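Undergrad: If you scroll down you'll find the structure; I have some questions about it.
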Amino acid sequence: MLHVKSDTFQKEVMESKVPVLVDFFATWCGPCSMMGPVLEQLQQEYGEKAKVVKVDIDQAMDLAQKYQVMSVPNMIFFKGGKVADSVVGAVPASVLKEKMDKLL
């Protein structure tokens, strides 16, 4: 899964031609670790139709502040360079799939 930092966020997320699920996470966060396999599965399922990327809030505090990430995991869906939806906390894959499907 692609890890995005402040210097690559514009290209990978804002300029993406497909919807992007951005997982704002922290390495010290237990629920974030639980979501890892779920997000990897989603990336495989959607393939070229959508992107799933990760942003470590400790390495990209500016992005966390910009998108008002107060707790993790925090998954924000982008389409056409704009925030389209979000989910805070560990959730089942079905919740993420439902939101992603609406953007496709």
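The values are calculated or read from the model by the stated rules, or taken from the named source; none is laboratory data. None of these values were measured; they are calculated from a predicted model. Glycine also receives a Cβ, built like all others from the backbone with ideal geometry; neighbour counts cover every protein chain displayed. Heavy atoms of the whole protein, side chains included, go into the accessibility calculation; ligands, DNA and RNA do not. Shrake-Rupley method; radii C 1.70, N 1.55, O 1.52, S 1.80 Å.
Undergrad: Given contacts defined as C-alpha pairs under 8 Å and at least six residues apart, what's the relative contact order of the chain, whole-number percent?
TA: Contact order relative to length: 37 percent.
Undergrad: If you build a Gaussian network model of the chain, linking Cα atoms that sit under 10 Å apart, which residue out of Lys17, Lys79, Lys66 swings the most?
TA: Of Lys17, Lys79, Lys66, the most mobile in the Gaussian network model is Lys66.
Undergrad: Something else now. Can you pull out the chymotrypsin sites (Phe, Trp or Tyr not before Pro) in the range 27-104 whose DSSP state is coil and whose Cβ has at most 12 other Cβ atoms within 10 Å?
TA: The qualifying sites are Trp28.
Undergrad: Tell me the carbon and sulfur percent of the accessible area for the chain, rounded to whole percent, probe radius 1.4 Å.
TA: So the carbon and sulfur contribution to the accessible surface is 53 percent.
Undergrad: Can you pull out the GluC sites (Glu not before Pro) in the range 1-67 that DSSP calls coil and that have at most 15 other Cβ atoms within 10 Å?
TA: When the GluC sites (Glu not before Pro) of the range 1-67 are filtered for loop state and at most 15 Cβ neighbours within 10 Å, Glu15 remain.
Undergrad: A follow-up question, please. When the helix-only estimate is applied to the chain (DSSP H runs of n ≥ 4, each -39,500 (n - 2.57), divided by the residue count), what is the mean residue ellipticity at 222 nm, nearest 500 deg cm²/dmol?
TA: Helix-only estimate at 222 nm: -10500 deg cm²/dmol.
Undergrad: Roughly how many Å² is the accessible area per residue of the chain, as a whole number, for a 1.4 Å probe?
TA: Per residue, the chain has 55 Å² of solvent-accessible surface.
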